[in-house]
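*Asks:* Sharing a structure with you now.
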Amino acid sequence: MLRDSGALRGQTLYIDCFSGVAGDMMLGALLDLGVPESVVRQALLALPLSGWELRVERVRRGSLMGTKVHVDIEPQLRWGSVQHDQGETGGATHPGEHPHVHYAEIRRMIQHASLPPEVLQRAVAIFDRIALVEAELHGVPVDQVLFHEVGAVDSIIDIVGTAAALAHLQPLRVVARPVPLGGGMVRSAHGLLPVPAPATLALLRGAPVEPGGIDVELTTPTGAGILAASVECYAGLPPMRVLATGWGAGERELPDRPNLLRLVAGTELGPAPAPEAARCLVVEANIDDMSPELCEPLLLALQEAGARDVWFVPVHMKKNRPGFIVGALCEAGVHEQVVDTLLRESTTLGVRSHGVDRTVLDREQVEVQTRFGPVLVKVGRRHGVVWNVAPEYESCRAVAHDQGVPVKQVYAAALAAYGTGAVS
């Protein structure tokens, strides 16, 4: 059934994961909800990947119908300039295997793709959370994490496609029910592992989970990563006026329930956060015994943990010591990861947290035509009036690099183009 996806934007999104969640189930449910397939395909075509095809079909799981997403991968799959069936470093060693890819390579590929900023931010946030827990589990630096199942091309497509769909919907907030995990054992690149997989459990730290009553992996690391990066709170279905539902199908049939993920989009009834206000947390610590050389890696680690902003403020502390306050702004869904990162990466013995309201302008992204080429510009409105216009830095940098000119010239040209109405 065709739906007006524009009417779904800015609504509350409820994830009813009664059969768990995987990347393909989430992407299928978002498409079934009403996100245009062209939105997802446009984002995926920006990736430097070839030799794959996205297939979307309606399938039956139990007595219900849902949307199933397939990623068909050719033996001659190419990742940028690297052909992954020849056994190169980071690639699969045999035809038909999933490529094994270092996290740094995945992040670099996504950041260098011509993705809209909101899609880029969401996709990187999901992979960042997965990389952090994998680094912790295997005792390696984050950039050296070797992705296996999650690094496979089909999972990359699931994550980037999901990021594009969520960016299109711009949900007011995302709520999920407690997450069933499953049981038994699952075969992975590391051999047999217990279900839930260690990465899945680590990603859902702080979230309410339940066994699921079946010896099958119900929630995968990819699905857990999407939840960790997207869900504001875990609760029952909020009182709402339902606008649409979407069903995403899993790969297998389950013996006791339909293997489907249900999404519900609607307008909340009663008290709900205003569209321009987002509830966030500030995590802080006073530090007077840490080398300044450690500030940069601390900042990067906090950003990778999901902090929206990180700052350092010089202060004068006890015993007449100069020190600083390190602060991080984050959403409730990543609060524990941010706290753990600050405790792990700094010398502090404790942190404090308090809630804040974050007010933002209504934002949209437009493309302007400059003499250097098209550039993306962010436009912020309040009460329907444009209050701020800012060229997107990554877009300016990419155009400047291609044209061999300073970034500041592209930035100025983009502002001027918006002012003259040269909007695509």
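Values quoted throughout were computed directly from the atomic coordinates according to the rules given, and no laboratory measurement underlies them. Computed from a prediction, not measured in an experiment: that's the story for all the values here. A quick note on method: Cβ atoms are made from the backbone with ideal geometry, for glycine too, and the neighbour counts reach across all protein chains shown.
*Asks:* Rounded to the nearest 500 deg cm²/dmol, what is the calculated helix-only ellipticity per residue at 222 nm for the chain, with -39500 (n - 2.57) per DSSP H run of length n ≥ 4?
*Replies:* The per-residue figure over the chain is -9500 deg cm²/dmol.
*Asks:* Right, another one. Take every Cα pair under 8 Å in region 166-313 that's 6+ residues apart, average their separations, divide by the length, and report that relative contact order as a whole percent.
*Replies:* Values: 166 pairs, mean separation 28.6, N = 148.
Relative contact order, region 166-313: 19 percent.
*Asks:* Something else: Under 5 Å between amide H atoms, partner at least 5 residues away or on a different chain: which partners does residue 188 have, H built in plane at 1.01 Å?
*Replies:* Distant-sequence amide H within range of residue 188: 193.
*Asks:* Quick check: pseudo-label points 7 Å beyond the Cα along Cα→Cβ at residue 382 and residue 144, how many nm apart are they?
*Replies:* Inter-label distance under the simple model: 4.8 nm.
*Asks:* Now for a separate question. Here are several values of mean projected area of the Cα convex hull in nm²: [x] 23.0; [y] 53.1; [z] 19.3. Which one was derived from the coordinates shown?
*Replies:* Matching entry in [x] 23.0; [y] 53.1; [z] 19.3: [x].
*Asks:* Normalised by the number of residues in the chain, what is the relative contact order in percent for Cα pairs under 8 Å and 6+ residues apart?
*Replies:* Answer for the chain is 17 percent.
*Asks:* One-quarter of the Cα convex hull surface for region 276-366, in nm²? Walk me through the numbers on the way to the answer.
*Replies:* Numbers: hull surface 28.0 nm².
Here the figure is 7.0 nm², rounded to one decimal.
*Asks:* Would you mind checking which residues have amide H under 5 Å from residue 204's amide H? H placed 1.01 Å from N; only 5 or more apart, or other chain.
*Replies:* Close amide H contacts, sequence-distant or interchain: none at all.
*Asks:* Quick check: net charge around residue 380, other residues with Cβ under 10 Å of its Cβ, Lys/Arg +1 and Asp/Glu -1?
*Replies:* The answer is +2.
*Asks:* Let me ask something additional. Name the long-range amide H neighbours of residue 209: under 5 Å, sequence gap of 5 or more, or other chain; modelled H, no Pro or chain starts.
*Replies:* 179
*Asks:* If I build a Gaussian network model for the chain, linking alpha-carbon pairs within less than 10 angstrom, which residue out of 198, 255, 180 has the largest mean-square fluctuation?
*Replies:* Per the Cα network of the chain with a 10 Å cutoff, 255 tops the list.
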